[in-house]
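Report on the following structure.
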Amino acid sequence: MRISLLFIVAFAVAVYMVATPTTAGGQWSPIPTQYIDDPRIQELGEWAVKQHNKERNDVLKFSRVVSGDGQVVSGVNYRLIIETKDPDGKYVAVLFEQVWTHIRVLNSFNPAT
């Protein structure tokens, strides 16, 4: 059931981004405000922080995703603005996810400017 729900949410975001008149496949498009608080997007942000911590031996603590963009490719690229409970506060995480193959890759994780 969890995989089905995750697939449905990711598919809905991808369809929205492709169907939006100003968005062609492959272009970055803002994730609609109503989807930012979706548990699926929040889980992606939390995963990005954990993955960053694992790769960089860091100890950041996830707070929440505050905004983001998506790009439909052979999955979905996400550019998420993430708040942490740490002094630096906000980070930009760029990650790729392909739900049907269970692939996730953190491409970058940097302080937001």
Residue ID - least open to solvent (accessible area, probe 1.4 Å), chosen from residues in region 34-83 that are polar (S, T, N, Q) and free of Cβ contacts under 8 Å to residues at least 12 places away in the same chain: ASN53
Restrict the check to region 98-113 and report whether at least one residue is hydrophobic (A, V, I, L, M, F, W, C), under 9 Å from the mean Cα position of the chain (by Cα) and surrounded by 14 or more Cβ atoms within 10 Å (Cβ to Cβ). no
Taking region 58-91 and keeping residues over 14 Å from TRP47 (Cα atoms) and in contact with a Leu (Cβ under 7 Å, 6 or more places away or on another chain) leaves GLY68, ASP86
Being at pLDDT below 90 and within 26 Å of THR113 (Cβ to Cβ), is that true of even one residue in region 58-70? no
Can you tell me which residues in region 59-90 are closer than 15 Å to PRO32 by Cα, touching a Lys or Arg at 6+ places or on another chain (Cβ under 7 Å) and charged (D, E, K, R)? ASP69
When region 84-97 is examined, which residues are found to be small (Gly, Ala, Ser) and crowded, with 18+ Cβ neighbours inside 10 Å? ALA93
For region 89-100, indicate whether the set of residues that are of a type in the set (Val, Ile, Thr) and under 16 Å from GLY26 (Cα atoms) is non-empty. yes
Filtering region 68-82 down to residues that are in a strand (DSSP E or B) and more than 18 Å from LYS54 (Cα to Cα) yields GLY68, ASP69, GLY70, GLN71, VAL72, VAL76, ASN77, TYR78, ARG79, LEU80, ILE81
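The values are calculated or read from the model by the stated rules, or taken from the named source; none is laboratory data. This one's a predicted model, so the numbers in the text were calculated from it and none came from an experiment. Cβ atoms come from the backbone with ideal geometry, glycine included; neighbour counts cover every protein chain shown. What goes into the accessible areas is simple: the full protein's heavy atoms, side chains included, and nothing from ligands, DNA or RNA. Shrake-Rupley method; radii C 1.70, N 1.55, O 1.52, S 1.80 Å.
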